[in-house]
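Enquirer: Sharing a structure here in structure tokens format.
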Amino acid sequence: SFYYGTFPAGFLWGVGSSAYQTEGAWDKDGKGPSIWDAFTHNKGKTFRNETGDSACDGYYKVKDDIQLLKELKVNHYLFSISWPRIMPTGIKTEQLNEKGIQFYNDTINSLLENNIIPIVSLYHWDLPQVLQEKYGGWQNISMINYFNDYANLCFEKFGDRVKHWITFSNPWAVAEKGYETGEHAPGLKLGGCGAYKAAHHIIKTHAKVWHSYNNTWRSEQQGMVGISLTSDWGEPVDPHSQTDRDAAERYIQFHLGWFANPIYRGDYPEIMKKYVGRKSAQQGLGTSRLPTFSVQEKTYIKGTSDFLGIGHFTTRYVIQKSFPFLQVSSYHTDRDLTELVDPKWPAPGPKWLYSVPWGFRRLLNYIKTQYGNPLIYVTENGVSEKVQCTQLCDEWRIEYLKGYINEILKALNDGVNVKGYTACSLLDKFEWNKGFSERFGFYHIDFKNKNKPRYPKASADYYKKIISANGFPNPREVQNWYQKAMDTCSTTHQLLATDSLITHVEMVTEIVLPTVFTLCVFISIVLLIFYLRNH
């Protein structure tokens with residue numbers, strides 16, 4: 001049931017984005033190539049071979065986008081720094097890009113001038129391509145020191161103003177989609193080992209960066225360093241079945257616990273070690289495909305998070321499923337489970353993203369119990385639409401946000417220590433291997449228009465009302481928000497239709513007319529030559 005009430009005073013409301021998905025300017029002003037530049041430039045890797053080469057042109061539109069943040073009345077903006085934009089090869093001793101550093105300095109300063117807190121992720125998937133080519137990226141232990149050098153440069157250049165740092169955004173996707181399935185950059189399919197090895201190095205890197213900040217920068221800068229982990233909730237199909245409950249537990253531990261357990265408890269989850277170890281032995285391997293931490297490493301890693309960032313989108317029902325002995329195992333078959341969905345769950349966008357708000361409260365309570373009620377910032381939560389026609393009146397996103405944010409309010413009453421919420425996302429943007437086919441933004445972008453204009457959706461107006469009221473005061477007021485949001489989007493739709501027509505006319509003027517003129521000249525010349533030959 002819906003719970004009416006408000007959030008505690010000081011609760012932070014914000015929106016997020018990431019560098020590769022929004023900035024564009026992929027090779028401008030001294031930026032080096034990233035693995036996503038290389039990946040998307042290979043045909044067949046993304047939807048319609050789309051790339052983030054120009055994306056939202058966020059590199060050139062910082063001031064415009066900060067105006068949108070002011071319109072929404074957010075307290076904070078979560079964005080990522082592009083490692084190759086400030087360090088083109090990824091190696092500090094080789095080259096620094098002052099123009100890239102200046103870009104992020106200007107962004108941070110503009111945010112603060114407008115009373116918006118910058119929350120900065122050091123890594124949202126765009127590894128410098130040079131490090132991938134030279135060392136194999138996150139398969140190589142040398143990444144730990146290279147990333148630590150990069151992090152320290154960011155602390156040195158921006159840490160006087162940035163007080164909330166995220167080391168890695170959704171490292172699960174980096175490991176599983178980058179090195180197991182190959183759906184994401186760098187596109188490697190190292191079944192059964194690649195994801196575990198990448199995650200192992202990422203966890204060690206995170207710990208090193210936290211200690212660097214703790215030892216060198218914390219006393220002077222007084223900031224916080226955390227990690228952002230994205231996880232679905234896994235619910236047993238039959239809550240009375242021990243087998244299903246165990247399968248649901250494995251689902252969470254292989255997803256969230258894979259990274260959270262070492263950071264909060266000092267080692268991988270026991271169930272992960274047991275299952276991967278057993279499957280590895282069945283394959284005849286002498287050691288487990290899941291790497292191990294030494295005693296010193298466990299101590300070094302445990303406790304290295306001042307807050308836990310949580311990304312969450314959807315829920316799955318989980319049931320036990322034994323995979324027979326396979327010569328080549330994978331992360332997915334290691335878990336011995338299968339995922340199901342309820343056909344009644346709303347699925348407004350892509351087929352993976354079902355709206356199941358109650359799963360969020362359960363996930364937050366699970367974190368409270370498992371990891372000692374850590375300080376939590378929700379770093380990603382939202383829903384996309386997957387339709388080719390423009391939809392500014394996004395009532396399904398309003399329902400999704402209303403439901404999921406309300407579950408956070410309930411979790412706060414359960415005693416969960418949530419201090420902020422970041423909606424995904426400010427703008428429609430490049431959605432990795434899905435290209436521009438999925439749109440998560442509060443603001444629609446007309447990507448066919450060279451100026452990439454932004455148009456508010458109904459959900460932008462609705463989210464603004466939640467922020468202003470700091471929650472859901474009463475049924476009548478909340479219902480009024482919905483009506484006003486839908487009225488606003490109708491007006492914006494008319495504006496968009498007019499602008500699209502103007503863009504179309506401009507395109508005809510700029511492309512078609514010169515082409516027709518050139519063709520006419522060419523035909524005239526041919527006819528003239530023909531005429532002269534005959535006479």
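Enquirer: Applying the selection to the stretch 60-106, what residues are outside any helix (DSSP H, G or I) and aliphatic (A, V, I, L, M)?
Expert: Scanning the stretch 60-106 gives 74, 78, 81, 87, 91, 96.
Enquirer: Of all the residues that make up the stretch 140-153, how many are more than 23 Å from residue 378 (Cα to Cα) and open to solvent by less than 10 Å² (accessible area, probe 1.4 Å)?
Expert: Qualifying residue count, the stretch 140-153: 4.
Enquirer: Shifting gears a bit: When residue 170 is evaluated against the numbered criteria (1) within 20 Å of the chain's Cα centre (by Cα); (2) surrounded by fewer than 21 Cβ atoms within 10 Å (Cβ to Cβ), which criterion, by number, is the only one it fails?
Expert: With respect to (1) within 20 Å of the chain's Cα centre (by Cα); (2) surrounded by fewer than 21 Cβ atoms within 10 Å (Cβ to Cβ), residue 170 is out only on (2).
Enquirer: Name the single residue, out of those in the stretch 211-257 being surrounded by fewer than 20 Cβ atoms within 10 Å (Cβ to Cβ) and among the β-branched types (Val, Ile, Thr), that is farthest from residue 172 (Cα to Cα).
Expert: Selected residue: 216.
Enquirer: Now for a separate question. I'd like to verify a number: residues in the stretch 102-132 that are in contact (Cβ under 8 Å) with a residue 12 or more places away in the chain, open to solvent by 10 Å² or more (accessible area, probe 1.4 Å), of a type outside the set (A, V, I, L, M) and closer than 25 Å to residue 33 by Cα, how many?
Expert: Adding up the residues that qualify gives 8.
Enquirer: To continue, here is another question. Please go through the stretch 375-388 and give me each residue that is open to solvent by 10 Å² or more (accessible area, probe 1.4 Å) and part of a loop (DSSP other than H, G, I, E, B), ordered by number.
Expert: 375, 386, 387, 388, listed by residue number.
Enquirer: Scan the stretch 408-420 for residues that are under 21 Å from residue 465 (Cβ atoms) and open to solvent by less than 20 Å² (accessible area, probe 1.4 Å) and jot them down.
Expert: Passing the criteria: 408, 409, 418, 420.
Enquirer: What are the residue pairs meeting all of these: first residue in the stretch 353-380, first residue touching a residue at least 24 places away in the same chain (Cβ under 8 Å) and more than 24 Å from residue 17 (Cα to Cα), second residue in a loop (DSSP other than H, G, I, E, B) and open to solvent by 20 Å² or more (accessible area, probe 1.4 Å), Cβ atoms under 6 Å, and 6 or more apart or on different chains?
Expert: Cβ pairs passing all conditions: 365/414; 373/417.
Enquirer: Hey, among the residues in the stretch 40-59 that are in a loop (DSSP other than H, G, I, E, B), on the phi > 0 side of the Ramachandran plot and in contact (Cβ under 8 Å) with a residue 60 or more places away in the chain, which one's most open to solvent (accessible area, probe 1.4 Å)?
Expert: Once the filter is applied, the top-ranked residue is 57.
Enquirer: Also, quick follow-up: Could you list, in sequence order, all residues of the stretch 363-374 that are part of a loop (DSSP other than H, G, I, E, B) and open to solvent by less than 20 Å² (accessible area, probe 1.4 Å)?
Expert: Passing the criteria: 371, 374.
Enquirer: Since residue 355 meets every condition but one in (1) part of a helix (DSSP H, G or I); (2) at pLDDT 95 or above, which condition does it not meet?
Expert: Against the list (1) part of a helix (DSSP H, G or I); (2) at pLDDT 95 or above, residue 355 comes up short only on (1).
Enquirer: Which residue out of 205, 181 is at pLDDT 95 or above, open to solvent by 20 Å² or more (accessible area, probe 1.4 Å) and among the β-branched types (Val, Ile, Thr)?
Expert: After applying the criteria, what remains is 181.
Enquirer: With respect to residue 251, determine if the residue is within 20 Å of residue 308 (Cα to Cα) and out of contact with any helix residue (DSSP H, G or I) (no Cβ under 9 Å at 6 or more places or on another chain).
Expert: So residue 251 fits the description; yes.
Enquirer: Sticking with this structure for a sec: Hey, can you tell me all the residues within the stretch 279-301 that are at pLDDT below 95 and of a type in the set (D, E, K, R)?
Expert: 279
Enquirer: Can you pull out every residue in the stretch 12-39 that is more than 17 Å from residue 454 (Cβ to Cβ), in contact with a helix residue (DSSP H, G or I) (Cβ under 8 Å, 6 or more places away or on another chain) and crowded, with 18+ Cβ neighbours inside 10 Å?
Expert: Across the stretch 12-39, the qualifying residues are 13, 19, 20, 26, 31, 32, 33, 34, 35, 36, 37.
Enquirer: Counting just the residues of the stretch 326-362 that are farther than 26 Å from residue 385 by Cα and of a type in the set (Gly, Ala, Ser), which one comes out most open to solvent (accessible area, probe 1.4 Å)?
Expert: Top of the filtered list is 330.
Enquirer: Give the residues of the stretch 455-475 that are open to solvent by 40 Å² or more (accessible area, probe 1.4 Å) and not small (Gly, Ala, Ser), sorted by residue number.
Expert: Within the stretch 455-475, 456, 464, 465, 473, 474, 475 meet the criteria.
Enquirer: Scan the strands (runs of 3 or more DSSP E) fully inside the stretch 261-347 and keep the ones with 3 or more residues being not hydrophobic (A, V, I, L, M, F, W, C).
Expert: Result: 315-320.
Enquirer: Of all residues in the stretch 406-449, how many are in a loop (DSSP other than H, G, I, E, B) and farther than 29 Å from residue 186 by Cβ?
Expert: Total meeting the criteria: 8.
Enquirer: Same structure, new question: Out of everything in the stretch 60-81 that is out of contact with any Ser or Thr (no Cβ under 7 Å at 6 or more places or on another chain) and among the hydroxyl-bearing types (Ser, Thr, Tyr), what residue ends up being surrounded by the most Cβ atoms within 10 Å (Cβ to Cβ)?
Expert: 77
The values are calculated or read from the model by the stated rules, or taken from the named source; none is laboratory data. Only a predicted model underlies this, so the values are computations on that prediction, with no experimental measurement involved. So basically every Cβ, Gly included, is an ideal-geometry build from the backbone, and we count neighbours across all protein chains shown. Remember, those area values only see protein heavy atoms, side chains included, never the ligands or the DNA or RNA. Shrake-Rupley method; radii C 1.70, N 1.55, O 1.52, S 1.80 Å.
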